[in-house]
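As structure tokens, the structure follows; a few thoughts come after it.
The values are calculated or read from the model by the stated rules, or taken from the named source; none is laboratory data. Just so you know, these numbers come straight off a predicted model, no measurement behind them. Glycine gets a Cβ as well: all are built from the backbone with ideal geometry, and neighbour counts include every protein chain shown. The area values use the complete protein model at the heavy-atom level, side chains included, leaving out ligands, DNA and RNA. Shrake-Rupley method; radii C 1.70, N 1.55, O 1.52, S 1.80 Å.
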Amino acid sequence: SDGQTITVVKDMGLVTQVFDERRLAPLQGHLAIGHNRYSTTGSSTWRNAQPVYRSVGDAGFALGHNGNLTNTAELAERLGMLPGMLDDPNGPLDSTTDSALVAELIAAEYTADPRSDGRDLEFALEKVLPHLLGGFSFVLMDDAHLIGARDPHGFWPLVLGRIEGGWVLASETAALDIVGAHFVRDIEPGELIVINANGMHERRFAEPEPKLCLFESVYFARP
């Protein structure tokens, strides 16, 4: 985001195949998210690549998601969707993932009149996140805010880092090392982090119920 327009670039393949200097050069701005996906819910196809983008409000928002939701059928019903429509390639969503379903739920919570403080995405998220079951960590952005959220169990990791001139959210501390950021802390289970030009604030959308996912603990382990 350059403060007014969100530009989305995504494709299939390794990061080094998708992003080269030619593709990176036009991406001017002060705010960005990125995602490297392996198939969990939804097949490995271009339409399931992330970030998921929705045009709503002044500039829309983009979402990156790690995790798996366990109540997708109930969530689809909240949108008035028929059972099984999430996996329908000809359905109304641009993806067959639970991530796209969450994006639709968030977009549905935007009000007709934009908020004067620009916190539309934050307040839409506060209405949606308590209804999500399973494990997840999200990074989201609109034209002026970077937001991170972690499920109440803390199954999927999410960390906060500090870099010269700004903040970084990442799924693991190794990513902070690569960009020259230093580790500040883990995002707590059930916590929502909001970052903008004025700084950062945090709030809880659910009471923490920490539980260990052995697979994720080993997968993200570091010496």
Would you mind getting me the FRET efficiency between Glu77 and Glu207? Use the beta-carbon distance for r and R0 = 41 Å, nearest 0.05.
0.95
Counting only C-alpha contacts under 8 Å and six or more residues apart, can you give the relative contact order of the range 106-223 as a whole percent?
23 percent
Expected output is a single nm value to one decimal: the length gained when fully extending between Phe215 and His30, i.e. 0.36 nm times separation in residues minus the C-alpha distance. What is it?
63.1 nm
Per residue solvent-accessible surface (Å²) - the chain, probe of 1.4 Å:
53 Å²
Could you work out which residue, out of Ala32, Ala59, Ala100, moves most in a Gaussian network model of the chain, that is, has the largest mean-square fluctuation with Cα springs under 10 Å?
Ala59
What does the charge add up to near Ala181, with Lys and Arg as +1, Asp and Glu as -1, over the other residues with Cβ less than 11 Å from its Cβ?
-1
Options [x] -0.32, -1.26, -1.35; [y] -0.27, -1.42, -1.61; [z] -0.55, -1.23, -1.29 for log10 I(q)/I(0) by the Debye sum over Cα atoms at q = 0.08, 0.17, 0.18 Å⁻¹; the value derived from the coordinates is listed as [y]
Accessible-area ranking of Phe183, Phe123, largest first, probe 1.4 Å
Phe183, Phe123
Once ligands and nucleic acids are excluded and a 1.4 Å probe is used, how much of Tyr38 is accessible, expressed in Å² to the nearest 10?
110 Å²
For Pro152, what charge total do you get from the other residues with a beta carbon under 13 Å from its beta carbon, if Lys and Arg give +1 and Asp and Glu give -1?
-2
Rounded to the nearest 10 Å², what accessible area does His153 have for a 1.4 Å probe in the complete protein model?
40 Å²
Protein-only accessible surface order, largest first, of Glu188, Glu74 at 1.4 Å
Glu74, Glu188
Whether the range 1-69 is rounded, prolate or oblate, judged on the alpha carbon gyration tensor where a/c under 1.5 counts as rounded:
oblate
Work out how much length Gln4 to Asp113 would gain on full extension: take 0.36 nm times their residue separation and subtract the Cα-Cα distance, in nm to one decimal.
37.5 nm
Per-residue accessible area for Asp58 at 1.4 Å probe radius, Å² rounded to 10?
140 Å²
Report the net charge of residues surrounding Gly29, where surrounding means a beta-carbon distance below 11 angstrom and charges are Lys +1, Arg +1, Asp -1, Glu -1.
-2
As a test of reading the structure, rank Phe205, Phe136, Phe155 by solvent-accessible area (1.4 Å probe, protein chains only), most first.
Phe155, Phe205, Phe136
R0 of 22 Å, Cβ-Cβ distance Phe123-Asn198: FRET efficiency to nearest 0.05:
0.85
The chain, accessible surface, carbon-and-sulfur percent (1.4 angstrom probe):
52 percent
